[in-house]
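The values are calculated or read from the model by the stated rules, or taken from the named source; none is laboratory data. A quick note: this is a predicted structure, and the numbers were derived from the prediction, not measured. When we count neighbours, we look across all protein chains shown, and the Cβ atoms used for this are built from the backbone with ideal geometry, even at glycine. All accessible areas refer to the heavy atoms of the entire protein, side chains included, with ligands and DNA or RNA removed. Shrake-Rupley method; radii C 1.70, N 1.55, O 1.52, S 1.80 Å.
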Amino acid sequence: PLPRRRGSLPPMRGAAWTLPEHPAPPSAWDLSDDEERMPESPLQGDICDLLKAVLAYFCKRRGVSALVGGHIALRWDPLHPRQGVDPDVYLVEPAPPLGARAKSLRTWMKGHKAPRVAVEVVSESTAEADYFDKPARYAQAKVGELWVFDPLRLGPGVDGGPFALQVWRRKRGRWTRVYAGDGPAQSEELGAWLVVTDEGLRLRIADDPAGNTLWPTETDAERAAKEAALAKAQAARAEADAERAAKE
């Protein structure tokens, strides 16, 4: 098993794994300036940008007040206000009072809610934290659902890992890892499926576990609408041409 560090969790056993309900020592989860500005690899950036675009269009279609983004300081304890976590991607509904100008979410403040969904994309420098420490932080923050995506399988090789995808949510009142594997996995928070695509390098949201109906970005939807309009116009022209040919 992995050695225990201050504020870390014991190795997980199997897909379903429930966290003990205890906070870390106050200083163990303080967000340092370095952590808040952790650089992304191009792969990690592409994965996050796609998820943000899909989630933003999901919110736009529903016409709700929401904020989708990444790298915001999520804090939950007014007695230890530096304690927090910095999600790679998040969906907050409703949006905080400052909207996109918000630099942090302080869940004890009026109008500040914990994210419905948070996403961590595993990198070489954060692999152990993404697997062990961060799920506990999100539990304390009362996040609705956490997705941990490990496209390069950089996580620890214990208890069946590393895993392409893990899903954490509250189950019977306990913060529990309800899925660990290659996908697909159900997102109860969004009423959708999480599917791993592009030879394991992308995480997508779909209406079905096979990923036949992927959720689009706004650009995808606009392109599909233009293609549908063009096909309709072409069909109308072909029908008109056929009618003229029949009359000649």
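Report every pair of residues separated by at least 6 positions or lying on different chains whose Cβ atoms are under 7 Å apart, first residue within the stretch 178-193 and of a type outside the set (Gly, Ala, Ser) and surrounded by fewer than 20 Cβ atoms within 10 Å (Cβ to Cβ), second at pLDDT below 95 and part of a strand (DSSP E or B).
Val178/Lys171
Quick check, is Ala95 touching a helix residue (DSSP H, G or I) at 6+ places or on another chain (Cβ under 6 Å) and assigned to a loop (DSSP other than H, G, I, E, B)? Walk me through it before giving the result.
Values: touching a helix residue (DSSP H, G or I) at 6+ places or on another chain (Cβ under 6 Å): no; assigned to a loop (DSSP other than H, G, I, E, B): yes.
Criteria not met by Ala95.
If only one of Ala240, Ala246, Ala210, Ala236 is open to solvent by 60 Å² or more (accessible area, probe 1.4 Å) and part of a helix (DSSP H, G or I), which one is it?
Details: Ala240 fails: open to solvent by 60 Å² or more (accessible area, probe 1.4 Å); Ala210 fails: part of a helix (DSSP H, G or I); Ala236 fails: open to solvent by 60 Å² or more (accessible area, probe 1.4 Å).
After ruling out the rest, the residue left standing is Ala246.
For the stretch 225-233, indicate whether the set of residues that are of a type outside the set (Gly, Ala, Ser) and assigned to a loop (DSSP other than H, G, I, E, B) is non-empty. Steps first, answer last, please.
At the first step, the residues of the stretch 225-233 found to be of a type outside the set (Gly, Ala, Ser) are 226-227, 230, 232.
Imposing the further condition that a residue be assigned to a loop (DSSP other than H, G, I, E, B) reduces the set to none.
So far as the stretch 225-233 goes, no, none of its residues is of a type outside the set (Gly, Ala, Ser) and assigned to a loop (DSSP other than H, G, I, E, B).
I'm trying to understand the selection: among the residues of the stretch 53-75, which are open to solvent by 40 Å² or more (accessible area, probe 1.4 Å), among the basic types (Lys, Arg) and more than 16 Å from Ala192 (Cα to Cα)?
Hit for the stretch 53-75 is Lys60, nothing else.
Give me the strands (runs of 3 or more DSSP E) completely within the stretch 114-193, filtered to those with at least 3 residues that are among the hydrophobic types (A, V, I, L, M, F, W, C), ordered by residue number. Quick ask: steps written out before the conclusion?
On the way: elements: 117-121, 145-149, 165-171, 174-181, 185-187.
Qualifying strands (runs of 3 or more DSSP E): 117-121, 145-149, 165-171, 174-181.
Looking only at the stretch 101-129, filter to residues that are within 19 Å of Asp49 (Cβ to Cβ) and of a type in the set (Ser, Thr, Tyr); which one of those is modelled with the lowest pLDDT? Even if it seems obvious, please write down each step before you answer.
Keep residues of the stretch 101-129 that are within 19 Å of Asp49 (Cβ to Cβ), which gives 115, 117-123, 126.
If we keep only those that are of a type in the set (Ser, Thr, Tyr) as well, we get 123, 126.
Numbers: Ser123: 94, Thr126: 91.
Top of the filtered list is Thr126.
Does the stretch 74-84 contain any residue that is at pLDDT below 95, of a type outside the set (D, E, K, R) and within 21 Å of Phe149 (Cα to Cα)?
Yes, the stretch 74-84 contains at least one residue that is at pLDDT below 95, of a type outside the set (D, E, K, R) and within 21 Å of Phe149 (Cα to Cα).
Looking for whichever is surrounded by fewer than 20 Cβ atoms within 10 Å (Cβ to Cβ) and without any contact (Cβ under 8 Å) to a residue 24 or more places away in the chain here; the options are Ala229, Ala221. Which one fits? Talk me through it step by step, then tell me what you get.
Numbers: Ala221 fails: without any contact (Cβ under 8 Å) to a residue 24 or more places away in the chain.
Testing whether each residue is surrounded by fewer than 20 Cβ atoms within 10 Å (Cβ to Cβ) and without any contact (Cβ under 8 Å) to a residue 24 or more places away in the chain leaves just Ala229.
Identify, from the list Leu50, Leu43, Leu91, Leu79, the residue that is under 13 Å from the mean Cα position of the chain (by Cα), open to solvent by 20 Å² or more (accessible area, probe 1.4 Å) and of a type in the set (A, V, I, L, M). Reasoning before the result, please.
On the way: Leu43 fails: under 13 Å from the mean Cα position of the chain (by Cα); Leu91 fails: open to solvent by 20 Å² or more (accessible area, probe 1.4 Å); Leu79 fails: under 13 Å from the mean Cα position of the chain (by Cα).
None of the other options fit; the residue is Leu50.
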